[in-house]
Amino acid sequence: MNRRVAVALVIVAVVALAGLALAGDKAAPVTVEGKLMCAKCTLEEAGQEKCQSVVVAGDQKYYLIKNDVAAKDGHVCKGEKAVKVTGVVSEKDGRKWIEATEITEVKS
């Protein structure tokens, strides 16, 4: 009986530690500075049927995930604006996506 209790406790401990390890894998926020543009209207990307905000930083593009911050400060349909975007970057379908927590216009 004691052996079963010990094995059960070990299993519970392993599951708990695995959960903590996975919780620690959250991506850290980054700040990207570049030009905010529309992938459809300004960049005229092939296959882009709807307006999609994108930050072009050098040769890298970060597509903005639509959230409240992006809706408030993150769209330029025709043209561009210099911005600094802070958020968590992920990758999906071969594109880098950023979920913005802050978007600041950079004045030159």
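Taking residues in region 31-53 that are under 17 Å from LYS96 (Cβ atoms) and free of Cβ contacts under 8 Å to residues at least 24 places away in the same chain, and partners anywhere that are open to solvent by less than 20 Å² (accessible area, probe 1.4 Å) and assigned to a loop (DSSP other than H, G, I, E, B), the pairs with Cβ atoms closer than 7 Å and at least 6 places apart or on different chains are GLU45/ALA39; GLN48/ALA39; GLN52/ALA39; SER53/GLY74. Being modelled with pLDDT of 65 or more, loosely packed, with under 10 Cβ neighbours inside 10 Å and within 30 Å of GLU80 (Cβ to Cβ) holds for only one residue in GLU33, GLU49, GLU45, and it is GLU49.
Taking region 78-98 on its own, how many of its residues are assigned to a strand (DSSP E or B) and more than 17 Å from VAL56 (Cβ to Cβ)? Spell out how you get there, then give the answer.
Filtering region 78-98 down to residues assigned to a strand (DSSP E or B) leaves 81-92, 95-98.
Next cut, more than 17 Å from VAL56 (Cβ to Cβ) only: 88, 90, 92.
Total meeting the criteria: 3.
A quick yes/no check of all residues on (1) in contact with a Lys or Arg (Cβ under 6 Å, 6 or more places away or on another chain); (2) assigned to a strand (DSSP E or B):
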position	(1), (2)
GLU49	no, no
VAL54	yes, yes
LYS61	no, yes
VAL76	no, no
THR101	no, yes
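The values are calculated or read from the model by the stated rules, or taken from the named source; none is laboratory data. Keep in mind it's a predicted model, so treat the numbers as computed, not measured. Note that each Cβ is placed from the backbone with ideal geometry, even for glycine, and that neighbours are counted across all protein chains shown. Quick note on the areas: whole protein, heavy atoms, side chains included, nothing else; ligands and nucleic acids left out. Shrake-Rupley method; radii C 1.70, N 1.55, O 1.52, S 1.80 Å.
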